[in-house]
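The values are calculated or read from the model by the stated rules, or taken from the named source; none is laboratory data. This one's a predicted model, so the numbers in the text were calculated from it and none came from an experiment. Don't worry about glycine lacking a Cβ; one is built from the backbone with ideal geometry, like all the others, and counts go over all protein chains shown.
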Amino acid sequence: MVTEINDQSFENEVIKSDIPVVVDFWAPWCGPCRIIAPVTEKLSEEYANRVKFCKLNVDENPEMAQKYRVMSIPLLLLFKDGQQVDGILGAVPESMIQPKIKALL
């Protein structure tokens with residue numbers, strides 16, 4: 001399951017998480033964001049209880065988008081122990097996301 005987060009819940013859901021987190025920065029008007037959404041949904045089920053998947057609407061949550069210098073979406077940022085460790089820009093295939101998630105574990 002992919003959890004919807006916002007500027008206020010970001011710290012608790014991502015920074016303080018005891019498991020690695022993938023954050024999908026997206027917006028409703030973004031076509032490529034709709035392409036990657038089913039991929040992150042599938043991966044969230046595959047890595048349930050080992051990796052947390054969240055999505056943050058950049059239009060509604062400009063604070064975190066600014067903090068992490070989000071210039072283009074979709075953007076997946078990968079966090080471990082409260083630190084950003086990797087990122088994936090664009091609607092990439094699952095085969096490009098899988099190795100980066102495995103590296104988090």
statement: Counting only residues in the stretch 1-37 that are among the hydroxyl-bearing types (Ser, Thr, Tyr) and part of a loop (DSSP other than H, G, I, E, B), the one farthest from Gln66 (Cα to Cα) is identified as Ser17
query: What tally of residues in the stretch 59-83 results from selecting those that are within 18 Å of Cys33 (Cβ to Cβ) and surrounded by 15 or more Cβ atoms within 10 Å (Cβ to Cβ)?
result: 11
statement: Across the stretch 70-102, the tally of residues that are under 24 Å from Trp29 (Cβ atoms), under 13 Å from the mean Cα position of the chain (by Cα) and not β-branched (Val, Ile, Thr) stands at 8
- request: Check whether at least one residue in the stretch 51-58 is surrounded by fewer than 17 Cβ atoms within 10 Å (Cβ to Cβ) and modelled with pLDDT of 95 or more, and report yes or no.
  value: no
query: Looking at the stretch 84-104, which of its residues are of a type in the set (A, V, I, L, M, F, W, C), closer than 10 Å to Val39 by Cα and either without any contact (Cβ under 8 Å) to a residue 40 or more places away in the chain or touching a helix residue (DSSP H, G or I) at 6+ places or on another chain (Cβ under 6 Å) (or both)?
result: Ala91
